[in-house]
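This report refers to the structure that appears directly beneath it.
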Amino acid sequence: MLSIQHLEARAGEQAILNGISLEIKPGEVHAIMGPNGSGKSTLSNILAGREGYEVTHGSVTYEGKDLLVMKPEERAREGIFLAFQYPVEIPGVSNIYLLKAALNAIRKHHGQTEVDAMDFLQLVKSKIKSLNLDEQFLYRGVNEGFSGGEKKRNEILQMAILEPRLCILDETDSGLDIDALKIVADGVNALRSPTRSFIMVTHYQRLLSYIKPDVVHVLAQGRIVKSGGPELALELEARGYGWIDASLNH
Amino acid sequence: MSASQEQIDNLIHKEYKPGFVTDLEADTLPPGLNEEVIRAISQRKNEPPFMLAWRLKAYEQWLTMSEPDWAYLDYQAIDYNSISYYSAPKVKEAPKSLDEVDPKLIETYKKLGIPLHEQERLAGVAVDAVFDSVSVATTFKHKLKEAGVIFCSFSEAVHTHPELIQQYLGSVVPPSDNFFAALNAAVFSDGSFVFIPKGVRCPMELSTYFRINAANTGQFERTLIIAEDYSHVSYLEGCTAPMRDENQLHAAVVELIALDHAEIKYSTVQNWYSGDEEGRGGIFNFVTKRGDCRGRHAKISWTQVETGSAITWKYPSCILRGDHSIGEFYSVAVSNHRQQADTGTKMIHIGKNTKSTIISKGISAGRAENTYRGQVKILPGALNARNYTQCDSLLIGPKCGAHTFPYIEIKEPTARLEHEATTAKISEDQLFFCQQRGLSAEDAVSMIVNGFCKQVFKELPMEFAVEAQALLGISLEGSVG
Amino acid sequence: MDSVEHYQAFFKTVEGTPLPWLETLRAPSRERFIAHGFPDTREEAWRYTPLRSLERARFTPSKEVHAIPSEPLDLDLMRDAYQVVFVDGHFSEAASCLEGLPKEVYLKPLSLALKAPGEHLAGLFENTETASCHRLEDFNRALFSEGLCLDIQPNYHLEKPIVVLHLAQQAHGLNTLQHRLRIAPGAHAHLIEVFIGHDDSPSLTTSMTYAEVAENSSLRHVKLQREGKASHHYSGLRLQLKRSGRYRGHLSSLGALWSRTEIHAQLGSSAECELEGLLLASGRQHQDVETRLDHCGTEALSRQTFRGIAHERGRGVFTGRIVVAPGADKTDAGMSLRNLLLSSEAEIDARPQLEIHADDVKCSHGVTVGQLDEEAVFTLQSRGISEAEARHMLTFAFANELIERIDPASARASIRDALKASLPGSDFGSEP
């Protein structure tokens, strides 16, 4: 589904990614862990197409297509979804409006007709219930005045409605208390399927107790320095990132 | 130029659809302004002597006044003698019904989306159509009459209700108020008149559609709305003009009077021709609009969407005289290319427990200058007066300007005022977020601009909200959910 | 004799006139003042500030020989500082103390500097805009004969503050001062200005300060205006902040019958300007503060925080304009003004203004006018405090939030004392 080959990238003068290679197959859940400044968020942003980064080397292929030449909205329509670390507020634009506009843009891209208003409303209402959100939530401005937890749940709501193929969760666990974390994790687990893949970017092991990854990668200084099964996350938790640094310096 | 910039440009470079000219024979006074011209206007309208006397006095005052220069506007001096002060489509006799109105005129309004024939009329909206200097038709007159509402052209009201005209004309905006108000009082040729008697809730929206057609002509209309005790009216105003390389002057006056517990809601979508990208042509729009909350618990609410005109000088205001009266001002002002807008409001608190709200959204693009200018004055004795003001400006492109000049004068120690203003550009984060959800940059910009204006759009009556959002190239958000 | 003629008579007497560069500076201002006189409220900049009382009075420059403090000056904040004292607009050598001044610092009263005009002096006066002035600035420039000259060498940090005390004691005295400061690249200075005077002697003090804060240098400034109750006060600060220059100022205006403080700053790239101040208008006081910050370079930051209190028949006037020049991207400018209006004859007028000519900016202003929180008054009363004292405490607390941030502690204490003495119910003297 996604193939990253020797990816190198910089922001301004600063090199951030120094040769990342990664293969993700349909249905797989990959966790990318690493200390602050290791390049985790940069990788998410580059996959989603945010401006401000320059890819200096390597390639990213998604479903056989060159991802890096695509505009952010094309990537989204092709099924890439980024759950933001800091979801932005858009005053005056209601949640439900954004959801409908986004869903229709994606449907149109795939040659489908616009969604029926009633069907859409039903779909959305069933989803917000499962995320333990109030219906009023739909009519408020996007993230406007939302708490940290509400913002993160809103990201999962959008994910559930838009049904992407590749979900990138950028530090989705940050700023969540244990109850909110469970709701978010349940939301993500409900979306797991043999055709949908996940990249979970996280600093802590905590999230991985709720969403079981197939593969764990450790990122440091813009490189994947270690890959393994779920047990790697536990080891990392026990020994700290210093362990990785130490092994790097050898 | 980034992708988003390009999208923004596409969004704001919309074609000006009402820019056509209707070809018909007109009765036009030669350019120039003097007493004879004023007499000629009064004579053509067959006015009673009190009107002529009022006009002449205003003209005398005007001669002693000078054009205001405090606004953030830069334009070539207006030569008041090069303008024609009266132009009307030629008719042998005044049309008695719509069937007698020149089909070319009917066609013009149809093209503008304003059907005058009642069978295809806008549902629930009565229209007074003002073409250059005269009102050509008013719809739904009879239905309104049944409710006791008077809605007709100003010229007609002068004849049918002279006592109301004498009582109220100039009582909110006296000719001496300012240069343009004096000019208007001297030469105004038509406009709308509305009277809602005691206890009547006007059964439909009233609207006036102003159309400038003739070249080298100024348009000077005057609107007077009186809402008696416990009455209610919602009034809409729209304006368009052909595209021409010369500037044309529009200097209107609107007076609103709300008595005890009366409510007037006045909405405007101003889409006069704005001139081309280089700033050639366009309407010079100098307008004095003021509402007087004379009664207790009276409420006057101004909502405006200003997208047109080369120059806009306009400050719809409220005098909150009656205790517990309420004044509101909701404004979206968009200026692009070389447009200049200096617009805002005045809220004068005199009565006790008076309240005012000001929400102003300015959008500036191209090489335009967009200025909010507002005054909140709370006089001694206006116990517990309250004002809330929020002025936000959105900048699109590095060559435009956005300015905010509020004046706050508080002389009452139980008053409370809160004023906030912000200026920023569309955030890259918001754009990227929308794109990541699959929206094109253009749609994302539309959506964000629409959200920015939402507080104002939601104050507009439905028909106008659609038009206003269409003017910004924005699809209607309310249709969802 | 009208007011212009009255002051014209003093123009010739101004010291330093023979210096050609000084005359070049004065001449245009003198001519403009003679042509236009004092401004009136038809001018936008003076809309809320009439000068009638100032114009009616006839002030006269005092003779230097009389300029001796009538009582010893011993303010806490003068300790551990270089001290410059001006009495009725004249330098008082006896009351000043510049001992131990490092060689990197040129610090002299103008009158002495003019006796040996060297490169420092000319340097301090060069690059002064003469084509246009801000009205009373013309008046000041036509007449000034004294002031402070400060020139600090690059990278020198002058830690000890310079305290400049202005004492107005002669009735109907006219005190005209102009200060010139230059903080060279990487240098730092700390200036504390205090204006005091006798309540029973009306006077007019005009004091202009021109400060150039060079690349990476910084200036800290405290100005406390607590002139006598019958006096008129005009002061102007013209600030040039070069690249990465920093200015942090607290300017409080508590005294005088009529007072106007103008602060105009030009911010170069990455400059920072932080302004705070209090206005207190009681009795029949008129307090006017006008700020104008020009963001000329990119990535500059400005913050303005002002609080006003008007009671009795006082009038507080605030105008704050932020101007962002074309291309001054990443400007971050914020202004906040909060006012307490405490009596039915008092008035607050505010004009917060934004003039933006660049698009990548973040600018905002906020203004509130209101009263004390009645809930808070009641809470204090319910704890046994009298209503009057409760109001005093809360009013003090409103102002004190700004004062707490003043450095050094001696200046903080001084402003706090001045505030306490001027607030309604000042006999309570409650501790914060």
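The values are calculated or read from the model by the stated rules, or taken from the named source; none is laboratory data. Here the structure is a predicted model, which is why all the values come from computation and not from measurement. Cβ atoms come from the backbone with ideal geometry, glycine included; neighbour counts cover every protein chain shown.
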Number of the exception - residue B:386 against (1) modelled with pLDDT of 95 or more; (2) buried (at least 24 other Cβ atoms within 10 Å of the Cβ); (3) basic (Lys, Arg):
(2)
Hits in segment A:103-117 (condition: facing chain B (nearest Cβ under 10 Å) and either of a type in the set (A, V, I, L, M) or surrounded by 22 or more Cβ atoms within 10 Å (Cβ to Cβ) (or both)):
A:103, A:105, A:106, A:117
Filter segment B:429-449 for residues that are at the interface with chain A (Cβ under 7 Å from one of its Cβ atoms) and closer than 30 Å to residue C:323 by Cβ; which is surrounded by the most Cβ atoms within 10 Å (Cβ to Cβ)?
B:448
Requiring at least 2 residues that are in contact with a helix residue (DSSP H, G or I) (Cβ under 8 Å, 6 or more places away or on another chain), the strands (runs of 3 or more DSSP E) wholly within segment C:236-306 are C:246-253, C:258-267, C:272-281
So which helices (runs of 4 or more DSSP H) are wholly in segment B:133-242 and hold at least 2 residues that are surrounded by fewer than 22 Cβ atoms within 10 Å (Cβ to Cβ)?
B:141-147, B:154-160, B:162-168
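For segment B:386-409, name all the residues that are within 17 Å of residue C:338 (Cα to Cα) and more than 7 Å from every other protein chain (Cβ to nearest Cβ).
Result: B:386, B:387, B:388, B:389, B:390.
Evaluate segment C:410-420: report whether one residue or more is more than 7 Å from chain B (Cβ to nearest Cβ), hydrophobic (A, V, I, L, M, F, W, C) and surrounded by fewer than 16 Cβ atoms within 10 Å (Cβ to Cβ).
Within segment C:410-420, one or more residues are more than 7 Å from chain B (Cβ to nearest Cβ), hydrophobic (A, V, I, L, M, F, W, C) and surrounded by fewer than 16 Cβ atoms within 10 Å (Cβ to Cβ).
Is it the case that residue C:379 is within 14 Å of chain B (Cβ to nearest Cβ) and part of a helix (DSSP H, G or I)?
Details: within 14 Å of chain B (Cβ to nearest Cβ): no; part of a helix (DSSP H, G or I): yes.
No, not satisfied.
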Pair list, Cβ < 8 Å and 6+ apart or interchain, from segment C:93-106 residues that are in a strand (DSSP E or B) to residues that are of a type in the set (D, E, K, R) and at pLDDT 90 or above
C:105/C:151; C:106/C:151
Which members of segment B:68-97 meet the condition of being under 21 Å from residue B:23 (Cβ atoms) and modelled with pLDDT under 75?
B:91, B:92, B:95
Hey, can you tell me all the residues within segment C:310-344 that are among the small types (Gly, Ala, Ser), in contact with a Lys or Arg (Cβ under 9 Å, 6 or more places away or on another chain) and not in a loop (DSSP other than H, G, I, E, B)?
C:320, C:333, C:334, C:336
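Check whether at least one residue in segment B:410-422 is assigned to a strand (DSSP E or B), in contact with an Asp or Glu (Cβ under 8 Å, 6 or more places away or on another chain) and within 14 Å of chain A (Cβ to nearest Cβ), and report yes or no.
There is at least one residue in segment B:410-422 that is assigned to a strand (DSSP E or B), in contact with an Asp or Glu (Cβ under 8 Å, 6 or more places away or on another chain) and within 14 Å of chain A (Cβ to nearest Cβ).
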Here is a list: A:27, A:19, A:39. Which entry is out of contact with any Cys (no Cβ under 7 Å at 6 or more places or on another chain), surrounded by 19 or more Cβ atoms within 10 Å (Cβ to Cβ) and at positive phi?
A:39
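For every residue, the table says whether it meets (1) within 7 Å of chain B (Cβ to nearest Cβ); (2) in contact with a helix residue (DSSP H, G or I) (Cβ under 6 Å, 6 or more places away or on another chain); (3) surrounded by fewer than 16 Cβ atoms within 10 Å (Cβ to Cβ); (4) in contact (Cβ under 8 Å) with a residue 40 or more places away in the chain.
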position	(1), (2), (3), (4)
A:58	no, no, no, yes
A:61	no, no, yes, yes
A:72	yes, yes, no, no
A:81	no, yes, no, yes
A:101	yes, no, no, no
A:119	no, no, yes, no
A:124	no, no, no, no
Checking residue A:205 against (1) crowded, with 23+ Cβ neighbours inside 10 Å; (2) touching an Asp or Glu at 6+ places or on another chain (Cβ under 7 Å); (3) at pLDDT below 90: exactly one of these is not met. Which one?
(1)
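Just checking, does segment B:322-332 include any residue being under 17 Å from the mean Cα position of the chain (by Cα) and at pLDDT below 95?
Filtering segment B:322-332 for residues under 17 Å from the mean Cα position of the chain (by Cα) gives B:327-332.
Keeping just the survivors that are at pLDDT below 95 gives B:332.
Taking every residue of segment B:322-332 in turn, at least one turns out to be under 17 Å from the mean Cα position of the chain (by Cα) and at pLDDT below 95.
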Every residue from segment C:326-347 that is under 19 Å from residue C:264 (Cα atoms) and either among the aliphatic types (A, V, I, L, M) or at the interface with chain B (Cβ under 9 Å from one of its Cβ atoms) (or both):
C:326, C:328, C:333, C:335, C:337
Of all the residues that make up segment C:348-372, how many are outside any strand (DSSP E or B), within 19 Å of residue C:399 (Cα to Cα) and within 7 Å of chain B (Cβ to nearest Cβ)?
1
In segment C:136-159, what count of residues is obtained for those that are over 21 Å from the mean Cα position of the chain (by Cα) and part of a loop (DSSP other than H, G, I, E, B)?
6
Of the residues in segment C:63-86, those that are outside any loop (DSSP other than H, G, I, E, B), among the hydrophobic types (A, V, I, L, M, F, W, C) and more than 18 Å from residue C:113 (Cβ to Cβ) come to C:65, C:77, C:78
Picking from A:143, A:154, which residue would you name as being on the phi > 0 side of the Ramachandran plot and either away from chain B (no Cβ under 14 Å) or not acidic (Asp, Glu) (or both)?
A:143
Residue among C:244, C:231 that is of a type in the set (Gly, Ala, Ser), at pLDDT 95 or above and closer than 21 Å to residue C:169 by Cβ
C:231
Within segment C:258-309, track down each residue that is touching an Asp or Glu at 6+ places or on another chain (Cβ under 6 Å), within 23 Å of residue C:394 (Cβ to Cβ) and either buried (at least 24 other Cβ atoms within 10 Å of the Cβ) or at pLDDT 95 or above (or both).
C:305
Residue C:114 being in contact (Cβ under 8 Å) with a residue 24 or more places away in the chain and assigned to a helix (DSSP H, G or I)
yes
Give just the number: which of (1) out of contact with any strand residue (DSSP E or B) (no Cβ under 7 Å at 6 or more places or on another chain); (2) buried (at least 24 other Cβ atoms within 10 Å of the Cβ); (3) more than 23 Å from residue B:279 (Cβ to Cβ) does residue B:325 not satisfy?
(1)
